[in-house]
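The structure appears below as structure tokens.
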Amino acid sequence: MKKIVLIICSILLIDQFLKIYIKTHLELGGRVSIFSFFWIFLVENPGMAYGFFLAPGYYGKIFLSISRFLLIFFISIFLYKNMKKKSSNFLIFPTSLILSGAIGNFLDSALYGLLFDTGTICHKTSHKWIPYSGISKINSSFFYGGKGYASFMEGCVVDVFYFPIIDTNIPNWIPFFGGYNFQFFKPVFNFSDFVIFFGFVLLLIFNNKIRNIKIF
């Protein structure tokens with residue numbers, strides 16, 4: 001159990017360090033080229049992965065934050081029970097990765113509105129998301145109950161990695177798609193997203209090894 005706790009804590013530290021450092025050093029939409037196919041690119045995502053929403057607007061944001069909390073709660077129970085039963089590490093390790101990533105993104109949505117002085121906010125009448133300008137600073141009065149850019153559960157998830165491995169214009173002579181720009185991989189994501197994805201990939205890879213495990 002100690003090893004799993006250490007894995008989860010390590011992932012959270014890496015995830016939060018990257019997000020906080022980049023948010024306090026880049027403007028929204030700012031980017032830094034590491035390689036031609038790898039950029040640090042600061043965007044804020046009020047929805048789920050790749051910008052999907054459970055419901056639009058402010059109330060959709062709150063519903064998503066609560067849903068993230070409930071998901072973490074159930075995954076934690078699932079992981080704890082299987083650790084107590086000493087289930088296979090082929091199940092426990094990927095599940096701990098998924099839990100780590102879920103907690104990482106939940107911390108953004110739950111606390112970043114309080115932790116930072118600026119961030120993307122939702123206009124509660126028009127339900128449109130309003131970006132900010134400049135570089136965010138940590139709210140110095142956060143630990144004393146001071147207000148940040150939003151309330152509890154109203155923060156946006158910080159995404160930082162952009163991998164335009166392929167970025168090309170499709171020739172005009174190609175029917176239907178000619179003249180369009182094609183990018184792969186276009187979505188901007190964060191370390192938590194990657195860890196969640198990797199956890200699911202491991203579950204698929206180890207499917208044959210965990211298929212007969214009684215997991216509940």
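Yes or no: the range 157-170 includes at least one residue that is hydroxyl-bearing (Ser, Thr, Tyr), under 29 Å from SER10 (Cβ atoms) and in a loop (DSSP other than H, G, I, E, B).
If we filter the range 157-170 for residues that are hydroxyl-bearing (Ser, Thr, Tyr), which is where we start, we get 162, 168.
Imposing the further condition that a residue be under 29 Å from SER10 (Cβ atoms) reduces the set to 162.
Remaining after also requiring in a loop (DSSP other than H, G, I, E, B): none.
For the range 157-170, residues hydroxyl-bearing (Ser, Thr, Tyr), under 29 Å from SER10 (Cβ atoms) and in a loop (DSSP other than H, G, I, E, B): absent.
With respect to PHE163, is the statement that it is at pLDDT 80 or above and out of contact with any Cys (no Cβ under 9 Å at 6 or more places or on another chain) true? Please lay out each step first, then the result.
Numbers: at pLDDT 80 or above: yes; out of contact with any Cys (no Cβ under 9 Å at 6 or more places or on another chain): yes.
When the stated conditions are applied, PHE163 passes them.
Restrict the check to the range 190-197 and report whether at least one residue is closer than 30 Å to LEU12 by Cα, acidic (Asp, Glu) and modelled with pLDDT of 90 or more. Even if it seems obvious, please write down each step before you answer.
Quick first cut of the range 190-197, residues closer than 30 Å to LEU12 by Cα only: 190-197.
Filter once more, so that each one left must be acidic (Asp, Glu): 193.
Checking the rest, the ones that are also modelled with pLDDT of 90 or more come to 193.
Yes, the range 190-197 has at least one match.
Filter the range 45-65 for residues that are within 14 Å of the chain's Cα centre (by Cα) and among the aliphatic types (A, V, I, L, M); which is modelled with the lowest pLDDT?
ALA49
Looking at the range 70-92, I want the residues that are under 12 Å from ILE103 (Cα atoms) and have a partner that is among the β-branched types (Val, Ile, Thr) and modelled with pLDDT under 95 with Cβ atoms under 6 Å, at least 6 apart or on another chain. Which pairs are those?
none
Pick out the one residue from SER33, SER67 that is of a type outside the set (Val, Ile, Thr), more than 13 Å from GLY155 (Cα to Cα) and in a helix (DSSP H, G or I).
Details: SER33 fails: in a helix (DSSP H, G or I).
Answer to the selection: SER67.
Please state which of the following conditions LEU42 fails to meet, knowing it meets all the rest: (1) modelled with pLDDT of 95 or more; (2) buried (at least 20 other Cβ atoms within 10 Å of the Cβ); (3) of a type in the set (A, V, I, L, M); (4) part of a helix (DSSP H, G or I).
Every listed condition holds for LEU42 apart from (4).
Which residue pairs have Cβ atoms under 7 Å apart, sit 6 or more places apart or on different chains, and have a first residue in the range 93-115 that is crowded, with 21+ Cβ neighbours inside 10 Å and a second that is among the acidic types (Asp, Glu)?
Close Cβ pairs (under 7 Å, with a partner that is among the acidic types (Asp, Glu)) amount to GLY101/ASP193; GLY104/ASP15; GLY113/GLU154.
Any chance the range 101-122 includes a residue that's part of a loop (DSSP other than H, G, I, E, B) and in contact with a strand residue (DSSP E or B) (Cβ under 7 Å, 6 or more places away or on another chain)?
So the first thing to find is which residues in the range 101-122 are part of a loop (DSSP other than H, G, I, E, B), and the list is 117-120.
Subsequent filtering for residues that are in contact with a strand residue (DSSP E or B) (Cβ under 7 Å, 6 or more places away or on another chain) retains 119-120.
Yes: the range 101-122 contains one or more residues that are part of a loop (DSSP other than H, G, I, E, B) and in contact with a strand residue (DSSP E or B) (Cβ under 7 Å, 6 or more places away or on another chain).
Specify which of the listed residues (LYS81, LYS147) is out of contact with any strand residue (DSSP E or B) (no Cβ under 8 Å at 6 or more places or on another chain), among the basic types (Lys, Arg), loosely packed, with under 15 Cβ neighbours inside 10 Å and part of a loop (DSSP other than H, G, I, E, B). It would help to see each step written out before you state the result.
Numbers: LYS81 fails: part of a loop (DSSP other than H, G, I, E, B).
Criteria check complete, one pass: LYS147.
Residues of the range 123-175 being aromatic (Phe, Trp, Tyr) and under 22 Å from LYS186 (Cα atoms), which ones? Write out each step before concluding.
Going through the range 123-175, the residues aromatic (Phe, Trp, Tyr) turn out to be 129, 132, 142-144, 149, 152, 161-163, 173.
TRP129, PHE161, TYR162, PHE163 - these are the residues of the range 123-175 that are aromatic (Phe, Trp, Tyr) and under 22 Å from LYS186 (Cα atoms).
Just one of ASP167, ASP159 is crowded, with 19+ Cβ neighbours inside 10 Å and on the phi < 0 side of the Ramachandran plot; which is it?
Numbers: ASP167 fails: crowded, with 19+ Cβ neighbours inside 10 Å.
Going through ASP167, ASP159 in turn, the sole match is ASP159.
Which of the residues spanning the range 132-144 are in contact with a helix residue (DSSP H, G or I) (Cβ under 9 Å, 6 or more places away or on another chain) and either part of a loop (DSSP other than H, G, I, E, B) or on the phi > 0 side of the Ramachandran plot (or both)?
Kept after step one, since they are in contact with a helix residue (DSSP H, G or I) (Cβ under 9 Å, 6 or more places away or on another chain), are these residues of the range 132-144: 135-136, 138-139, 142.
The answer is ILE135, SER136, ASN139.
I'd like the full set of residues that are β-branched (Val, Ile, Thr) and touching a strand residue (DSSP E or B) at 6+ places or on another chain (Cβ under 7 Å), limited to the range 151-188.
Our first condition is that a residue be β-branched (Val, Ile, Thr); within the range 151-188, this holds for 157-158, 160, 165-166, 168, 170, 174, 188.
Those that are β-branched (Val, Ile, Thr) and touching a strand residue (DSSP E or B) at 6+ places or on another chain (Cβ under 7 Å): VAL157, VAL158, VAL160, ILE165, ILE166, THR168, ILE170, VAL188.
The values are calculated or read from the model by the stated rules, or taken from the named source; none is laboratory data. Since we're looking at a predicted model, the values are computed, not measured. Cβ: placed from backbone, ideal geometry, glycine included. Neighbour counts: every protein chain shown.
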